[in-house]
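Worksheet: one structure, shown below.
The values are calculated or read from the model by the stated rules, or taken from the named source; none is laboratory data. None of these values were measured; they are calculated from a predicted model. Every residue, glycine as well, gets a Cβ built from its backbone with ideal geometry; the counts of neighbours run over all protein chains shown. Calculation scope for accessible area: heavy atoms of the full protein, side chains included, ligands and nucleic acids excluded. Shrake-Rupley method; radii C 1.70, N 1.55, O 1.52, S 1.80 Å.
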Amino acid sequence: MNRLRTLWGKHWYAWAFVAPVVIVLAVLVFYPLVQGIWQSFTNLTEANQAAEVCTKTLGGDQECRPNPNQAHFIGLGNYADLLTGRVGEFWHQLLITLIWTAACVFFHYTLGLGLAILLHREMRLRSIYRVLLILPWAVPAFVSAFAWKFIFDRDAGIINAVITGMGGQAVDFFDTTPKALIACIIVNVWLGVPFMMVALLGGMQAIPGELYEAAEMDGATGWQRFTNVTLPGLRPVSNSVILLGTIWTFNMFPIIFLVSRGGPSGGTEILVTGAYRAAFEGIRNYGFAAAYGVVILSILVLYSLVYRRVLRSQGEVW
């Protein structure tokens with residue numbers, strides 16, 4: 001206790017600066033998180049969330065009695081329903097989520113790296129190119145989703161207008177799961193590449209030019225400079241943006257929900273859209289949706305821990 005008092009006396013201003021952040025995090029993050037975890041162990045739905053049931057009497061008054069069917073603790077029931085497939089399509093959604101995340105992050109990184117290399121070179125109008133390539137990132141995701149949905153539309157879409165104009169037949173981009181998923185991946189890649197490009201371009205500019213000069217003096221080719229100077233120099237930035245990109249893409253809700261609507265027949269549903277439908281469609285099973293959320297959080301925490309462990313085993317500072 002005396003030590004705490006001493007620390008408070010010496011560093012009270014530091015606690016004062018940190019306190020607002022801690023309070024905001026507690027209200028906006030920790031409390032909803034704890035509440036969500038608790039709800040995942042209950043059978044809370046739209047129908048049983050009220051603590052009392054109120055009815056009108058003949059005199060016009062209102063009589064309230066305790067709700068006999070109020071939500072209660074059911075242990076791991078929601079998790080059993082979710083993981084065994086008794087309710088929902090968890091394993092199919094997990095598979096689609098993994099394919100969706102891996103494909104999007106791969107194209108985000110490779111295309112972002114290619115554009116960053118191009119913009120890192122001296123060229124005319126380079127600043128204009130940078131602004132144009134960053135624009136997709138500045139557009140809200142739902143606006144891009146609606147725009148691309150129109151582009152892919154079977155009857156009024158621009159792509160089909162070109163195809164039919166050249167004598168071909170219109171293509172329905174959402175009648176099978178592979179085509180609908182590819183369409184969603186294209187939209188998300190278009191949205192996510194600017195972030196990767198900016199981050200990797202910043203990393204390239206931090207690589208000392210002397211390393212490239214030394215490599216040229218040693219007779220290194222362009223490919224050898226790329227693999228032995230650029231890629232190792234980008235490793236700290238790459239590790240961070242790949243981790244962030246994976247988490248963001250894993251939880252990317254608006255693209256799937258607005259572009260394919262999870263169709264056809266739920267074929268392109270991912271875990272976050274499944275959680276949304278459990279919470280806000282049908283009987284609104286809040287407890288089951290909370291179990292979805294806890295499982296998603298657990299997967300991402302486990303992925304982050306494994307990712308960090310692998311990087312530390314390779315000598316990276318994390």
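Can you spot a residue in the range 292-315 that is buried (at least 16 other Cβ atoms within 10 Å of the Cβ), in contact with a strand residue (DSSP E or B) (Cβ under 6 Å, 6 or more places away or on another chain) and not charged (D, E, K, R)? There is no residue in the range 292-315 that is buried (at least 16 other Cβ atoms within 10 Å of the Cβ), in contact with a strand residue (DSSP E or B) (Cβ under 6 Å, 6 or more places away or on another chain) and not charged (D, E, K, R).
Checking ILE159, ILE182, ILE117 one by one, the residue that is among the β-branched types (Val, Ile, Thr) and closer than 18 Å to GLY202 by Cβ is ILE117 and no other.
In the range 117-156, which residue that is of a type in the set (Phe, Trp, Tyr), modelled with pLDDT of 90 or more and part of a helix (DSSP H, G or I) is surrounded by the most Cβ atoms within 10 Å (Cβ to Cβ)? Going through the qualifying residues, I end up with TRP148. Checking the stated criteria, VAL229 turns out not to satisfy the condition of being modelled with pLDDT of 90 or more and closer than 30 Å to GLY267 by Cβ.
The number of residues in the range 1-48 that are closer than 19 Å to LEU76 by Cα and open to solvent by 70 Å² or more (accessible area, probe 1.4 Å) comes to 4. Just wondering, is there one or more residues in the range 80-90 that are open to solvent by 50 Å² or more (accessible area, probe 1.4 Å), within 21 Å of SER298 (Cα to Cα), part of a helix (DSSP H, G or I) and modelled with pLDDT of 90 or more? Yes, the range 80-90 contains a residue that is open to solvent by 50 Å² or more (accessible area, probe 1.4 Å), within 21 Å of SER298 (Cα to Cα), part of a helix (DSSP H, G or I) and modelled with pLDDT of 90 or more. In summary, SER240 fulfils each of the numbered conditions (1) in a helix (DSSP H, G or I); (2) farther than 30 Å from GLN314 by Cβ; (3) polar (S, T, N, Q); (4) open to solvent by 40 Å² or more (accessible area, probe 1.4 Å) with the single exception of condition (2).
Regarding ARG261, is this residue within 19 Å of HIS92 (Cβ to Cβ) and open to solvent by 40 Å² or more (accessible area, probe 1.4 Å)? Against the criterion (within 19 Å of HIS92 (Cβ to Cβ) and open to solvent by 40 Å² or more (accessible area, probe 1.4 Å)), ARG261 qualifies. Scanning for something open to solvent by 60 Å² or more (accessible area, probe 1.4 Å), of a type in the set (Ser, Thr, Tyr) and within 18 Å of ARG121 (Cβ to Cβ), does the range 202-212 turn up at least one residue? Looking through the range 202-212, none of the residues is open to solvent by 60 Å² or more (accessible area, probe 1.4 Å), of a type in the set (Ser, Thr, Tyr) and within 18 Å of ARG121 (Cβ to Cβ).
From ALA279, ALA291, ALA206, ALA199, grab the single residue that is in contact (Cβ under 8 Å) with a residue 24 or more places away in the chain, within 28 Å of TYR79 (Cβ to Cβ) and more than 17 Å from the chain's Cα centre (by Cα).
The conditions single out ALA291.
Mind checking whether some residue in the range 34-53 is modelled with pLDDT under 85 and more than 30 Å from LEU297 (Cβ to Cβ)? The answer is yes, given that some residue of the range 34-53 is modelled with pLDDT under 85 and more than 30 Å from LEU297 (Cβ to Cβ). Among the candidates LEU111, LEU95, LEU58, the residue that is of a type in the set (A, V, I, L, M), without any contact (Cβ under 8 Å) to a residue 40 or more places away in the chain and in a helix (DSSP H, G or I) is uniquely LEU95. Restricting THR249, THR273 to residues that are touching a Ser or Thr at 6+ places or on another chain (Cβ under 7 Å) and at pLDDT 90 or above narrows the list to THR249. For the range 56-73, the candidate set comprises residues that are open to solvent by less than 60 Å² (accessible area, probe 1.4 Å) and modelled with pLDDT of 80 or more; within that set, the residue that is farthest from GLY274 (Cα to Cα) is CYS64. Just for the range 281-291: of the residues that are of a type outside the set (A, V, I, L, M, F, W, C) and not in a helix (DSSP H, G or I), which one is surrounded by the most Cβ atoms within 10 Å (Cβ to Cβ)? My answer is ASN285.
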